[in-house]
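A.B. asks: Structure provided below as structure tokens; questions to follow.
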Amino acid sequence: MVSAPGSILALFAHPDDAELWAGATLAHHAAHARVTVAVPHRDAVRDAEAVASAAVLGADLRQLPVLDAPAVHALLMDTEPDIVITHPLRDVHPEHRAVAEAVLTALPEPVIATGLPSRLYTCDTYNSLTLDGPLRADTIVDATATFPTKIRALKAHASQPIAEHFGPMAEHLGRLWGARIGADYAEAFTALPILGRLPAATQL
């Protein structure tokens, strides 16, 4: 189930993470509200691919030297998003974990100051496996309508192994999560509490 779209700040470790893990959901929200994707700079090629991919999703892109807690704090105060999406806290990739930690560290002060974000989610990961085992997703979003947009955005990262690795993984995960809710494709998220507030499982 997809609720009324809200503005999103999506914070990820790599230029292709937004598309790979949450692209269909971001594209859906971007058609109705402001979506901002924030990633660290990599190199000229990958930075340019991120720009092209964000345009496919309909998202604004912020590329920063580093995505640490002070940078996340500044982004939260600047964008005042309804929703924040980032990596699982116990992701298998250390750079994913570092961004998730930065989000948790930065979050309380902007929430106290502005009341936003009101919802915080972590996304899917490699084969839905974290360091603690299978992803425990409590929010599964029907991604069928915008899954083609997700794949087009992912293909903008031509320097990466999309055709042989990331594309098939996105297809596989999309179909598996979709089967759980009777949809062709879906994306999985886990809601985290913000200062004691936890969104309903169907709010994203």
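A.B. asks: Could you tell me whether segment 18-39 includes any residue that is in a helix (DSSP H, G or I) and open to solvent by 30 Å² or more (accessible area, probe 1.4 Å)?
C.D. replies: Yes.
A.B. asks: Which of the residues spanning segment 4-15 are under 17 Å from LEU67 (Cα atoms) and open to solvent by less than 10 Å² (accessible area, probe 1.4 Å)?
C.D. replies: Those that are under 17 Å from LEU67 (Cα atoms) and open to solvent by less than 10 Å² (accessible area, probe 1.4 Å): ILE8, LEU9, ALA10, LEU11, PHE12, ALA13, PRO15.
A.B. asks: Give the residue that is most open to solvent (accessible area, probe 1.4 Å), with candidates limited to residues of segment 83-115 that are in a loop (DSSP other than H, G, I, E, B) and either farther than 23 Å from HIS28 by Cα or at pLDDT below 95 (or both).
C.D. replies: Applying the filter and picking the extreme gives ARG90.
A.B. asks: Which members of segment 143-184 meet the condition of being small (Gly, Ala, Ser) and open to solvent by 40 Å² or more (accessible area, probe 1.4 Å)?
C.D. replies: ALA145, ALA158, SER159, ALA163, ALA179, GLY182
A.B. asks: Here is a list of conditions, (1) assigned to a helix (DSSP H, G or I); (2) open to solvent by 20 Å² or more (accessible area, probe 1.4 Å), and ILE140 meets all of them except one; can you say which number that is?
C.D. replies: Of the numbered conditions (1) assigned to a helix (DSSP H, G or I); (2) open to solvent by 20 Å² or more (accessible area, probe 1.4 Å), the odd one out for ILE140 is (1).
A.B. asks: With the requirement that a residue be of a type in the set (S, T, N, Q) and either more than 17 Å from the chain's Cα centre (by Cα) or outside any loop (DSSP other than H, G, I, E, B) (or both), what does segment 145-164 give you?
C.D. replies: THR149, SER159, GLN160 - these are the residues of segment 145-164 that are of a type in the set (S, T, N, Q) and either more than 17 Å from the chain's Cα centre (by Cα) or outside any loop (DSSP other than H, G, I, E, B) (or both).
A.B. asks: Is segment 51-58 home to any residue that is touching a helix residue (DSSP H, G or I) at 6+ places or on another chain (Cβ under 6 Å), under 23 Å from ARG175 (Cβ atoms) and assigned to a strand (DSSP E or B)?
C.D. replies: no
The values are calculated or read from the model by the stated rules, or taken from the named source; none is laboratory data. What you see is a predicted model, and the numbers here were worked out from it, not measured in a lab. Reconstructed Cβ throughout: ideal geometry from the backbone, glycine too, with neighbour counts over all protein chains shown. Note: areas computed on protein heavy atoms with side chains; ligands, DNA, RNA excluded. Shrake-Rupley method; radii C 1.70, N 1.55, O 1.52, S 1.80 Å.
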